[in-house]
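One structure below.
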Amino acid sequence: MKKLIKLGLLSAALLATVAANASEKLSVKVASKASKMLSISLTEVAKDEIIYIKDFNGEILFSEKLEKSANYTKVFSFSTLPAGLYFVESNASDKIQSTPVVVDNKSVTLVDKSAKTYTAPVITLNENVMKVLVRNYNNAPVSISVYDQLGTLLSKSEDNTNTLVFGHYDTAKLASEVVIISVTEGDYNFIKEIKL
């Protein structure tokens, strides 16, 4: 009887682990530490979901727009990158998952328990009004910046306390046909180009 109870508890623990891991779509694993190879996998890929590899400053080193599919797997070599901190991201319309990766002279490693999931900002454009909504569930400092296509800062707002952060912008006064929205939530930076 004791063996049956132990087996039942073990089965429940394994199922809970599988269920917890299944909630994260993005999986990043070291394929070969010495040759600096990473395996990136996604499950339940949404239409127009984008995979990014970014450096510490947010510069995009690789991006690929994906088609809807059951899964996606690709192996990347980080061997030509200089030592530093990089991020592998999955960017769906409503959710962003980010996994930090450390590259040194000899290897590539993942930063333990540092993968994070963010809710993507909602950006709407209605006639001459652009609205940005950030769901700040982490209660981290939030900054919303709007730039023209030349990189000139047009507007910036910050909030350190609210769970919902709104930005409201009058686009009729803008000379630019394209604006770049930059949302920083804690240590994460989201950038999107919007055609007016």
Q. Tally time: how many residues in region 32-81 are surrounded by 15 or more Cβ atoms within 10 Å (Cβ to Cβ) and not hydroxyl-bearing (Ser, Thr, Tyr)?
A. 17
Q | Residue among 108, 102, 134 that alone is in contact (Cβ under 8 Å) with a residue 60 or more places away in the chain and of a type in the set (A, V, I, L, M) | A | 108
**Q.** Residue, modelled with the lowest pLDDT, within region 107-121, restricted to residues that are more than 19 Å from residue 164 (Cα to Cα) and not charged (D, E, K, R)
**A.** 114
Q: Sort through 183, 132 and tell me the only one that's farther than 24 Å from residue 115 by Cα, in contact with a Pro (Cβ under 9 Å, 6 or more places away or on another chain) and surrounded by 15 or more Cβ atoms within 10 Å (Cβ to Cβ).
A: 132
Q) Before we move on, is residue 113 part of a loop (DSSP other than H, G, I, E, B) and within 16 Å of the chain's Cα centre (by Cα)? A) yes
Q) Can you name the residue in region 25-64 that is in a loop (DSSP other than H, G, I, E, B) and of a type in the set (A, V, I, L, M, F, W, C) and is also farthest from residue 80 (Cα to Cα) among such residues? A) 46
Q: Among the candidates 67, 24, single out the residue that is farther than 22 Å from residue 123 by Cβ, of a type in the set (Asp, Glu) and either in contact with a helix residue (DSSP H, G or I) (Cβ under 7 Å, 6 or more places away or on another chain) or modelled with pLDDT of 90 or more (or both).
A: 67
**Q.** Failed item in (1) surrounded by fewer than 20 Cβ atoms within 10 Å (Cβ to Cβ); (2) in a strand (DSSP E or B); (3) modelled with pLDDT of 90 or more, with residue 144 passing the rest
**A.** (1)
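The values are calculated or read from the model by the stated rules, or taken from the named source; none is laboratory data. Note that the structure is a prediction, hence the values are computed from the model and not measured. Every residue, glycine among them, receives a Cβ derived from its backbone with ideal geometry; neighbour counts consider all protein chains shown.
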